[in-house]
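The values are calculated or read from the model by the stated rules, or taken from the named source; none is laboratory data. Since this is a predicted model, take the numbers as computed values, not measurements. Because the Cβ atoms are built from the backbone with ideal geometry, glycine has one as well, and the counts that use them run over all protein chains shown.
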Amino acid sequence: MSPTEPPNSTNIPDDGDLQLAPNGQLRHLLTMRGLDREQITELLDRSQTFVSEPGQAAVRSRALQGKTVANLFFEPSTRTRASFDLAAKRLGADVLNLDVNTSSRKKGESILDMIYTLEAMQVDAFVVRDAGSGIPGYIARHTNDNVSILNAGESDISHPTQALLDMLTIRQNKGRIEGLKVAIVGDIAHSRVARSASEALVTLGVGELRLVSPPDLAAEPGTVPDQARILYNLEEGLQDADVVMALRIQRERIGNLDGILGIDEYFATYGISHERMKLAAPDAIVMHPGPMNRGIEIESTLADSASSVITKQVRNGVAVRMAILSTVINTVDTR
Ligand code: NCD
């Protein structure tokens with residue numbers, strides 16, 4: 001790959017090592033791959049210190065005073081973008097939210113030229129969401145030594161901060177990840193959330209990981225950890241599950257929608273409902289990364305029920321992003 005040529009889907013290098021500084025500390029966050037149990041646990045412990053209960057004032061610090069964080073979202077986002085923005089501000093950083101529709105990337109400027117332009121304005125961390133595979137790692141290979149790259153959603157490949165907030169939410173509710181039965185249900189094939197969550201769950205010692213989907217939307221071999229059980233039957237997937245995570249069908253990533261189940265048929269076969277949750281463990285929790293399609297992948301009243309931790313996931317998203325931002329910027333400062 002030439003230095004100015006962005007990767008395509010056939011030449012994506014593994015970013016696991018790239019995200020660590022020579023001293024082993026996390027300098028970028030690109031993927032859950034390559035992070036061990038201790039590193040993930042440390043990030044979760046740190047995230048927990050930034051969690052405030054509903055009704056309490058948000059946790060704030062001046063840890064990133066004088067630092068600048070740029071949010072570059074080349075794909076739509078509500079939760080991830082807003083939580084990175086709030087996380088950086090609650091740590092005292094200056095935040096640049098670039099409006100991509102008016103950015104010069106639309107005029108043909110390469111992503112690297114755009115990064116170099118912003119580096120010249122002394123940006124310390126770039127938060128990047130892009131539909132292209134390998135883009136966060138590609139930028140990380142070409143940035144200055146004092147800059148960090150945070151992957152906020154990469155094609156269908158990786159969404160590491162979502163995985164961390166999911167792990168934090170499970171840990172808060174179940175006290176552990178080890179030994180749990182976790183079912184992830186929906187469009188596994190196109191879900192970066194499923195991939196990153198699966199990697200984190202396996203590293204943290206999940207008891208049983210079930211990836212449940214229609215056959216057309218099942219994980220391609222080699223894209224999920226070997227320990228995952230690929231299932232097409234929802235009833236089997238939900239049996240005694242401690243954690244059930246519903247996913248949206250990623251229509252924007254599916255080239256040909258022929259053969260994809262219609263809404264009613266999908267809900268009837270793969271929708272998570274109160275009735276179906278009776279198969280799961282009595283104290284099972286229901287998760288969803290959002291945005292949710294009520295009545296398609298999840299019954300609306302279940303999403304608002306006592307077993308749902310969906311709002312908690314959103315709240316934890318800010319805490320996790322505060323932990324990540326302060327970790328990587330601190331690594332750059334202390335190398
Ligand atoms: C997810 C994403 O963008 O990958 N949303 C999120 O970040 N909370 C899931 C989705 O879009 O369905």
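Every residue, every condition in (1) within 16 Å of the ligand (Cβ to nearest atom); (2) in contact with a helix residue (DSSP H, G or I) (Cβ under 9 Å, 6 or more places away or on another chain); (3) at pLDDT 95 or above, yes or no:
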{"site": "L43", "(1), (2), (3)": "no, yes, yes"}
{"site": "V51", "(1), (2), (3)": "no, yes, yes"}
{"site": "P54", "(1), (2), (3)": "no, yes, no"}
{"site": "A93", "(1), (2), (3)": "no, yes, yes"}
{"site": "R105", "(1), (2), (3)": "no, yes, no"}
{"site": "Q122", "(1), (2), (3)": "no, no, yes"}
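Just a yes or no: is a residue in the stretch 12-29 touching a helix residue (DSSP H, G or I) at 6+ places or on another chain (Cβ under 7 Å) and within 16 Å of the ligand (Cβ to nearest atom)?
Yes: one or more hits.
With respect to P225, is the statement that it is modelled with pLDDT under 95 and either in the same structural domain as N293 (by TED's automatic domain parsing) or surrounded by fewer than 24 Cβ atoms within 10 Å (Cβ to Cβ) (or both) true? Can you show your working first?
Details: modelled with pLDDT under 95: no; either in the same structural domain as N293 (by TED's automatic domain parsing) or surrounded by fewer than 24 Cβ atoms within 10 Å (Cβ to Cβ) (or both): yes.
Spelling it out, it is not the case that P225 is modelled with pLDDT under 95 and either in the same structural domain as N293 (by TED's automatic domain parsing) or surrounded by fewer than 24 Cβ atoms within 10 Å (Cβ to Cβ) (or both).
Looking at V193, V185, V212, can you tell me which residue is in contact with a Phe, Trp or Tyr (Cβ under 8 Å, 6 or more places away or on another chain) and either within 15 Å of the ligand (Cβ to nearest atom) or closer than 17 Å to S158 by Cα (or both)?
Numbers: V193 fails: in contact with a Phe, Trp or Tyr (Cβ under 8 Å, 6 or more places away or on another chain); V212 fails: either within 15 Å of the ligand (Cβ to nearest atom) or closer than 17 Å to S158 by Cα (or both).
Every option except V185 fails the conditions.
Condition (residue is away from the ligand (no atom under 16 Å from the Cβ), surrounded by 12 or more Cβ atoms within 10 Å (Cβ to Cβ) and over 25 Å from Q48 (Cβ atoms)) applied to the stretch 239-247: is it met by at least one residue?
yes
Confirm whether T161 is of a type in the set (V, I, T) and within 15 Å of the ligand (Cβ to nearest atom).
Against the criterion (of a type in the set (V, I, T) and within 15 Å of the ligand (Cβ to nearest atom)), T161 qualifies.
Can you list the helices (runs of 4 or more DSSP H) found entirely within the stretch 247-335 that contain at least 2 residues being of a type in the set (D, E, K, R)?
Per the criteria, 263-270, 274-277, 310-334.
Among the helices (runs of 4 or more DSSP H) confined wholly to the stretch 62-180, which include 2 or more residues that are in the same structural domain as V202 (by TED's automatic domain parsing)? Spell out how you get there, then give the answer.
Working: elements: 79-90, 111-120, 135-142, 160-174.
Fully inside the stretch 62-180 and qualifying: 160-174.
Every residue, every condition in (1) surrounded by fewer than 24 Cβ atoms within 10 Å (Cβ to Cβ); (2) under 21 Å from G222 (Cβ atoms); (3) of a type outside the set (A, V, I, L, M, F, W, C), yes or no:
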| residue | (1), (2), (3) |
| --- | --- |
| L165 | no, no, no |
| N173 | yes, no, yes |
| L180 | yes, no, no |
| D187 | no, yes, yes |
| H190 | yes, yes, yes |
| R195 | no, yes, yes |
| S198 | no, yes, yes |
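Would you check which residues across the stretch 207-216 are out of contact with any helix residue (DSSP H, G or I) (no Cβ under 6 Å at 6 or more places or on another chain) and surrounded by fewer than 24 Cβ atoms within 10 Å (Cβ to Cβ) and list them?
Listed by number, the residues that qualify are G207, E208, P214, P215, D216.
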